[in-house]
Amino acid sequence: MSHCRRIGPDKKDVVIFATKEDHQVPSTVKLPEPDPQPGLILPNGDINWNCPCLGGMATGPCGVEFRNAFSCFHYSEAEPKGSDCYDLFKTMQTCMQNYPTLYNKDLADDDELSTMDKAATDSKTEPERSKLEGA
């Protein structure tokens, strides 16, 4: 049978003495189930800003810009999805250019921005093109 003894100057440390028989009995301790990790999108459809998959983007110096752009994209009903969020993504990218060491990428290269410009221009002219083809 086990017993405990308090030791130390303040008797704050506890030493537990266990017998061989104590160790032969299977443990009856029940661990709680781990909390489920909801992922990026919560069950109600909201964005989980605490998701580790975002890598801290939502809380960095450009966190507000990131959240605005990402929210716009997530809730966008435009075709193509997110085409109505171009200005918010451009604002986010401009912010990130101010912190190249933090965001660990050379954002001074405007290849992505020019690609986004072209996509935005194409999506705006697409309805006009459809009208011309139908006429």
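Nothing in this text is a laboratory measurement; each read-out follows from the coordinates by a stated rule. Not measured: the values here are computed from a predicted model. No Cβ is skipped: glycine too gets one built from the backbone with ideal geometry, and neighbour counts run over all protein chains shown.
General observations
- Pairwise FRET efficiency - Leu40 versus Ser76, Cβ, R0 = 22 Å, nearest 0.05: 0.90
- Likely footprinting exposure, Leu42, Leu88, Leu31, fewest C-beta neighbours within 10 Å first: Leu31, Leu42, Leu88
- The order of the peptides 54-61, 43-50, 90-97 by mean Cβ neighbours within 10 Å, most packed first, is 90-97, 54-61, 43-50.
- Computed lengthening from Trp49 to Thr19, 0.36 nm per intervening residue step minus Cα-Cα distance: 5.8 nm
- Rounded to whole numbers, the Karplus 3J(HN,Hα) couplings from phi for segment 40-56 are 5, 10, 6, x, 7, x, 6, 7, 8, 5, 8, 5, x, 5, 7, x, x Hz, using 6.51 cos²θ - 1.76 cosθ + 1.60 with θ = phi - 60°, and x at Gly and Pro.
- Each of Ser27, Ser2 was scored by other Cβ atoms within 10 Å of its Cβ. Arranged with the fewest first, they read Ser27, Ser2.
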